[in-house]
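First the structure, in the form of structure tokens, and then the observations on it.
The values are calculated or read from the model by the stated rules, or taken from the named source; none is laboratory data. Since the structure is predicted, the reported quantities are computational estimates derived from the model, not experimental observations. Positions of Cβ are backbone-derived with ideal geometry, glycine not excepted, and every protein chain shown enters the neighbour counts.
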């Protein structure tokens, strides 16, 4: 059984695969202070609740943009799984060329999403990932990662508004009944949600104009669903995109190692 772990600045998503089948997945808060033992106990509890055991895990692959968490996860794998985890990086075998000025600068999560989206759709793509930051990544029709854009995430924007405007409350990031809101909570939600959809559509349309053609737009991440409801450019929401990408990269490297 393969354990896949995608660590973001706000949330960590885990999944377990048997061959190509996702058995279960979980989303938890990212905590930079967790030790390797605490990580192990958390993974053990998640697996046990689903009738699985840590002994069932034979391999681990990790995508991480938070170095302290990565260090703890690597130590956990060595201690509790007696295995060296695969850690996604630009230098890892991904099956995808990266046309970035410095490929080492590309976040692991962006590579994973690009690999999964292109493998699934086999066409030019724009992948929008709604995380702590929102990333926009363009993959050309030949399957080469070309680059993209990074914007402050919706959560960061909401936190900044609450912190800098003392009379404005913190609100749930969900769609209000209408754009022309009649109370303060709905007014903030209107500005945040419809405004952010406008940001997404604006960047996607500019990317389309720049690269030409009609790339398919795939969204993933925690807030992809609500924004896709009011976006005019998102074609598909794929909540499991990153987990599938981790599985694909693991399988590619496993076969490469076996052939070598």
> For the range 207-223, which residues satisfy the criterion of being crowded, with 20+ Cβ neighbours inside 10 Å and under 13 Å from residue 129 (Cα atoms)?
Replying inline: 217, 218, 219, 220, 221, 222
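Of these, 48, 35, 58, which one is more than 20 Å from the chain's Cα centre (by Cα), farther than 25 Å from residue 9 by Cα and in contact (Cβ under 8 Å) with a residue 12 or more places away in the chain? Before you say what the answer is, go through the steps one by one.
Working: 48 fails: in contact (Cβ under 8 Å) with a residue 12 or more places away in the chain; 35 fails: farther than 25 Å from residue 9 by Cα.
The unique qualifying residue is 58.
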>> Considering only residues that are part of a loop (DSSP other than H, G, I, E, B), at pLDDT below 90 and either outside the structural domain of residue 7 (by TED's automatic domain parsing) or more than 23 Å from residue 38 (Cβ to Cβ) (or both), which ones fall in the range 80-105?
In response: 89, 90, 91, 92, 93, 94, 95
>> Within the range 35-48, does at least one residue satisfy the condition of being out of contact with any helix residue (DSSP H, G or I) (no Cβ under 8 Å at 6 or more places or on another chain) and at pLDDT below 95?
In response: no
> Is the range 128-140 home to any residue that is under 19 Å from residue 203 (Cβ atoms), part of a helix (DSSP H, G or I), assigned by TED's automatic domain parsing to the domain that holds residue 200 and at pLDDT below 95?
Replying inline: no
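Picking from 157, 187, 166, which residue would you name as being without any contact (Cβ under 8 Å) to a residue 12 or more places away in the chain, more than 30 Å from residue 122 (Cα to Cα) and either in a helix (DSSP H, G or I) or under 21 Å from the mean Cα position of the chain (by Cα) (or both)? Spell out the reasoning first.
Numbers: 157 fails: without any contact (Cβ under 8 Å) to a residue 12 or more places away in the chain; 166 fails: either in a helix (DSSP H, G or I) or under 21 Å from the mean Cα position of the chain (by Cα) (or both).
Only one candidate qualifies: 187.
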>> I need the full set of residues from the range 141-154 which are part of a loop (DSSP other than H, G, I, E, B) and either under 22 Å from residue 201 (Cβ atoms) or out of contact with any strand residue (DSSP E or B) (no Cβ under 8 Å at 6 or more places or on another chain) (or both), in order please.
In response: 141, 142, 143, 153
> Does residue 204 qualify as being touching a helix residue (DSSP H, G or I) at 6+ places or on another chain (Cβ under 8 Å), surrounded by 17 or more Cβ atoms within 10 Å (Cβ to Cβ) and modelled with pLDDT of 95 or more?
Replying inline: no
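Among the candidates 169, 226, 177, single out the residue that is buried (at least 17 other Cβ atoms within 10 Å of the Cβ) and farther than 24 Å from residue 145 by Cα. It would help to see each step written out before you state the result.
Details: 169 fails: buried (at least 17 other Cβ atoms within 10 Å of the Cβ); 177 fails: buried (at least 17 other Cβ atoms within 10 Å of the Cβ).
Going through 169, 226, 177 in turn, just one is buried (at least 17 other Cβ atoms within 10 Å of the Cβ) and farther than 24 Å from residue 145 by Cα: 226.
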>> For the range 63-83: of the residues being under 22 Å from the mean Cα position of the chain (by Cα), without any contact (Cβ under 8 Å) to a residue 60 or more places away in the chain and closer than 19 Å to residue 254 by Cβ, which is surrounded by the fewest Cβ atoms within 10 Å (Cβ to Cβ)?
In response: 74
>> For the range 1-15, which positions are touching a helix residue (DSSP H, G or I) at 6+ places or on another chain (Cβ under 7 Å) and either without any contact (Cβ under 8 Å) to a residue 24 or more places away in the chain or over 19 Å from residue 222 (Cα atoms) (or both)?
In response: 1, 2
> Considering only the range 229-238, how many residues are in contact with a helix residue (DSSP H, G or I) (Cβ under 7 Å, 6 or more places away or on another chain) and surrounded by 15 or more Cβ atoms within 10 Å (Cβ to Cβ)?
Replying inline: 5
>> So if I check each of 243, 248, which one is within 22 Å of residue 147 (Cβ to Cβ) and not in a strand (DSSP E or B)?
In response: 248
